[in-house]
Amino acid sequence: MTEWLELFKRLCATSGVSGFEDEVAAIVRSHMSKLTDTVGKDQMGNVFGAKKGSAKNGPTIMVTAHMDEVGLIVKHVEETGFLRVQRLGGVPENLLQGQRLTVCGRKGQLTGLVGQKPAHIMSEADRKTVPNIGDLYVDIGAGSRREAEELGVEVGTPITYEREFRHVGNDFVTSKAIDNRAGVTVMLQAAERLSKMNLESTIHYVGTVQEEIGLRGARVATARVMPDVALVLDGLHAGGTPDVTERELPMRLGRGPAVTIAGSSQAHGFIANRKLLQRIAETAKAEGISIQYNVGVASGVSDAGAVHLAGKGVATSDILVVRRYSHSPIEMVSLRDIENAIRLVTTVVPQLDRRFVDSLEQ
């Protein structure tokens, strides 16, 4: 694990809310440049790295992970210098009050605080009420709108959670943005291991943008690559805590990566290609990798929902790193699960050859 742990920590620490993924994209592009034959970027900000296969008629495989994280964006700067904000992605209000945030201003990063009324003068109703997102404010220590603007903060400035990467117990770590920097880590580390192999297929590694606000980058990226097969690397909520029943969330940290059989969302869900899913399951068993199966976990949406519908249709499966406390500043993940996801991708991709692709239409 040591070969990818520092990369994972760096990715988690980097700010990149939906539509503002540039710093994360720069890290991804830098790593891809060492591992692939070509590297590029499109107008949306998706990053592409292609490793050409050895076979003249080899198929095209896409391995993809979204680079963005949930966060906020400044919608108004008060005359007094306080910021009013809107969500970028699924940030719950009940996790915001009293939080430190990173405000990504034009002149550099600033610390912001989500303020609240002093506890001493709160009414009983105040103590039990979660403010709407429109009622929250962010304090950056500015005394006026002009001072905020001089600090480089204006309408449209992105904001992320501020949380350090920490080890918890023997195998778990916690950080902001584990969704989906864990998936990006799996993609880049798998690309490194696969770069040492002679593969028949051409592999396109894609870091996508704007997944958290509607799978937008994946739609554009898949239309550009038009792969025969796609593996989508993302995360999935885990249970195993006192406030979540096994019926609600059967996934557990430390029990291996998850794969979706059928998602619950009609708008963005997908049903995995059965032959591809079977190949993943057989490979996991052969490699001694435990996997978990996702059927209809609430809001279990990933870029797979967009990828599999591109063009004439793309044989798609996901490989998911399960996590606790989704979309919070303290997401938690098992390092062993990440390593097993890397192993699974690295052993499945070489099998996605012409013979396998041809079998998909038989």
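Laboratory data are not the source of any read-out in this text; all were calculated from the coordinates shown. Predicted, not measured: the structure shown is a model, and the values here were computed from it. Backbone-built Cβ (ideal geometry, glycine too); neighbour counts: all protein chains shown.
Rank the residues Glu200, Glu246, Glu149, Glu78 as a footprinting-exposure proxy: fewest other Cβ atoms within 10 Å of their Cβ go first.
Working: Glu200 19, Glu246 10, Glu149 16, Glu78 13.
So the ranking, lowest neighbour count to highest, is Glu246, Glu78, Glu149, Glu200.
Pairs of Cα atoms under 8 Å, at least six residues apart: use those to get the relative contact order of the chain, whole percent.
Working: 835 pairs, mean separation 80.5, N = 362.
RCO, the chain: 22 percent.
Run the reach check for Lys176 against lysines, Cα to Cα strictly under 24 Å, same-chain hits fewer than 8 apart removed. What comes back?
Lys9, Lys75, Lys107
At Val168 and Gln43, where each label point lies 7 Å from the Cα along Cα→Cβ, what is the point-to-point distance in nanometres?
It is 4.2 nm.
Taking the beta-carbon count within 10 Å as an exposure proxy, list Met122, Met62 from fewest neighbours to most. Intermediate results must be reported in sequence, preceding the final value.
Numbers: Met122 13, Met62 27.
Fewest to most other Cβ atoms nearby, the residues stand as Met122, Met62.
Arrange the peptides 43-53, 209-219 so that the one whose residues have, on average, the most other Cβ atoms within 10 Å appears first. Don't skip to the end; give the middle numbers.
Values: 43-53: 19.8, 209-219: 23.8.
Ranking, from highest mean packing down: 209-219, 43-53.
Looking at the chain, send over the antiparallel percent of its DSSP beta bridges, to the nearest 5.
On the way: 40 of 66 bridges.
Antiparallel: roughly 60 percent of the beta bridges in the chain.
How far, in nm, would the chain grow between Leu5 and Ile330 when pulled straight, counting 0.36 nm per residue and subtracting the alpha carbon separation? Before the final figure, lay out the partial values.
Working: separation 325, 0.36 × 325 = 117.00 nm, distance 1.76 nm.
So the chain would gain 115.2 nm between Leu5 and Ile330.
Using the number of other C-beta atoms within 10 angstrom as an exposure proxy, rank His66, His120, His237 with the fewest first.
Numbers: His66 33, His120 5, His237 23.
Ranking His66, His120, His237 by Cβ neighbours within 10 Å, fewest first, gives His120, His237, His66.
Assuming 0.36 nm per residue, please report the length gained on full extension of the stretch Arg29 to Ala286 beyond their Cα-Cα distance. Write down the numbers at each step before the final one.
Details: separation 257, 0.36 × 257 = 92.52 nm, distance 3.27 nm.
Additional length available on full extension: 89.2 nm.
Using alpha carbons only, how many angstrom separate the centre of the stretch 165-223 from the centre of the stretch 120-142?
36 Å
At 7 Å along the Cα-to-beta-carbon direction for both Arg354 and Arg274, put a label point, then send me their distance in nm to one decimal.
2.8 nm
Cut-off 10 angstrom, C-alpha nodes, Gaussian network model of the chain. Which of Ala230, Ala304, Ala284 fluctuates the most?
Ala284
Given 0.36 nm per residue, what is the gain on full extension from Lys196 to Asp139 after removing their alpha carbon distance, in nm? Intermediate values should be presented prior to the final figure.
Details: separation 57, 0.36 × 57 = 20.52 nm, distance 4.96 nm.
Net length gain for the segment: 15.6 nm.
Please list, in chain and number order, the residues 5+ apart from Gly235 or on another chain whose amide H is under 5 Å from its amide H, with Hs placed from the backbone.
Val321
Rounded to whole Hz and in sequence order, give me ³J(HN,Hα) for the stretch 172-188 from the Karplus expression 6.51 cos²θ - 1.76 cosθ + 1.60, θ = phi - 60°, writing x for Gly and Pro.
So the Karplus estimates, Gly and Pro as x, are 9, 10, 10, 5, 6, 6, 4, 8, 10, 5, 5, x, 5, 4, 4, 4, 5 Hz.
In nm, to one decimal, how far is the modelled label at Glu149 from the one at Glu78, with both set 7 Å along Cα→Cβ?
According to this spin-label approximation, the distance is 1.9 nm.
Quote the FRET efficiency, to the nearest 0.05, computed for Gln99 versus Asn57 with a Förster distance R0 of 45 Å and r equal to the Cβ-Cβ distance.
Values: r = 53 Å, r/R0 = 1.19.
After rounding to 0.05, the efficiency reads 0.25.
Tell me the net charge near Leu276. Cut-off is 14 Å between Cβ atoms, Leu276 excluded, with +1 for each Lys or Arg and -1 for each Asp or Glu.
On the way: positive: Arg274, Lys275, Arg279, Arg355; negative: Asp228, Glu282, Asp318, Asp353, Asp358, Glu361.
Value of the local net charge: -2.
Over all distinct alpha-carbon pairs, what is the Kirkwood Rh of the stretch 71-161 in angstrom? Write out the running numbers ahead of the final one.
Numbers: mean 1/r = 0.0751 Å⁻¹.
That comes to 13.3 Å for the stretch 71-161.
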